[in-house]
Amino acid sequence: MGPASRDLRLPSIDGLRAFEAAARLGTFERAADELAITASAVSKRVGTLEELLGTGLLVRTGKTLALTAAGKEYLAQVRTALGLLTAMPLHQRRAQHRERLRVTAPPTFARQILVPQLEHYTRTHPHVELELLLSIPYLDTAAPDCDVEIRAGEGGLPGTRALLDDRVLPVAAPNLIERLKPLRTPADLAGAPLLRTPLEPWTPWLRAAGLDWPEPDAGPRLVDLGLTLEAAVSGQGVALARPTLARHWLDSGTLRPLFPITAPAAHPYQVRSRDDSPAAPAFVAWLDDVCARARAHAAEWLSGLT
């Protein structure tokens, strides 16, 4: 090794990647997200590179980064070097190719139907990186940018198709049922606390039960099906429940059905997906199977009430 080789100081690959990502994305934070490290680690790697070169490469301009004159010149060289390294076959790992899939769903659907089955999905689709976001039920807000959207609504929403049609029936905690006795017919619910949510109005079930009562207007108004079921579990009132969503509580006896009379859910679940998402069709097909099994279990459970 000659004297020139001994004097040569080479930067680390991690330092070069940190600099290239920060220059391309404009902030240390965005570079950190891409490299799966912290923003301070990106900044430190870039600082080490600048110290090695003896010149500044990036400067902060407000909340973003800007290249210095030396940084612009060096960036072109770094990209060429990284491109050559990336092109080497031994540096390419096919197993690292992953598809990202963003899914939004209402909170109760996500917790009671989707999340319990996700292990099966991730095991059978190891190449997909799934990100699950909760949407805000009932409120007229735009859904986050996503590949697959699950939502509840009246009738067919634009671009959607049916995913899970449900039936509803009144349920209550055992201690509340004891306090409300006798409950022989639906009319015996007169005076009982009926839990309210705009996601599951009482009127359709009341009509199915032959009652012309108005929609309840007393008590808290809970804009979430899961919160309504939790309130019922704690004995605060009678709730209208979908067996697909209340399966855990119904199977354990924490909630009990009051009458076998059912009515269609006012807001059935629907799904829509982006045409340009390669992972979306397989996920929706998997989701159809999950919902079919949930629907079959609910139908079996309801048949046992009659």
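For segment 251-281, a residue qualifies if it is aliphatic (A, V, I, L, M), in a loop (DSSP other than H, G, I, E, B) and farther than 18 Å from Ala292 by Cα, and the qualifying residues are Leu255, Leu258, Ile261, Ala266, Ala279. Among the candidates Leu169, Leu189, which residue alone is at pLDDT 90 or above, farther than 25 Å from His297 by Cβ and in contact with a helix residue (DSSP H, G or I) (Cβ under 9 Å, 6 or more places away or on another chain)? Testing whether each residue is at pLDDT 90 or above, farther than 25 Å from His297 by Cβ and in contact with a helix residue (DSSP H, G or I) (Cβ under 9 Å, 6 or more places away or on another chain) leaves just Leu189.
Being in a helix (DSSP H, G or I), among the aliphatic types (A, V, I, L, M), out of contact with any His (no Cβ under 9 Å at 6 or more places or on another chain) and more than 24 Å from Val103 (Cα to Cα) is the requirement here; does Leu240 meet it? If you could, list the steps in order and put the result at the bottom.
Working: in a helix (DSSP H, G or I): no; among the aliphatic types (A, V, I, L, M): yes; out of contact with any His (no Cβ under 9 Å at 6 or more places or on another chain): yes; more than 24 Å from Val103 (Cα to Cα): yes.
Criteria not met by Leu240.
In this structure, Arg93 does not satisfy being crowded, with 17+ Cβ neighbours inside 10 Å, farther than 27 Å from Thr197 by Cα and at pLDDT below 95. The sole residue among Thr203, Thr244 that is of a type in the set (Val, Ile, Thr), surrounded by 21 or more Cβ atoms within 10 Å (Cβ to Cβ) and not assigned by TED's automatic domain parsing to the domain that holds Arg151 is Thr244. Of all residues in segment 249-271, those satisfying the criterion of being of a type outside the set (A, V, I, L, M, F, W, C) and under 17 Å from Leu305 (Cα atoms) are Asp251, Ser252, Gly253, Thr254, Arg256, Pro257, Pro260, Thr262, Pro264.
Out of Gly219, Gly235, report the one residue that is at pLDDT 95 or above and at positive phi.
None of the others qualify; the one that does is Gly235.
Looking at Leu132, Leu176, just one residue is surrounded by 12 or more Cβ atoms within 10 Å (Cβ to Cβ), at pLDDT 95 or above, within 21 Å of Leu245 (Cβ to Cβ) and not hydroxyl-bearing (Ser, Thr, Tyr), and that residue is Leu176.
The values are calculated or read from the model by the stated rules, or taken from the named source; none is laboratory data. Just so we're clear, the structure is a prediction, and the values are computed from it rather than from any experiment. Neighbour counts run over all protein chains shown; Cβ positions are idealised from the backbone, glycine included.
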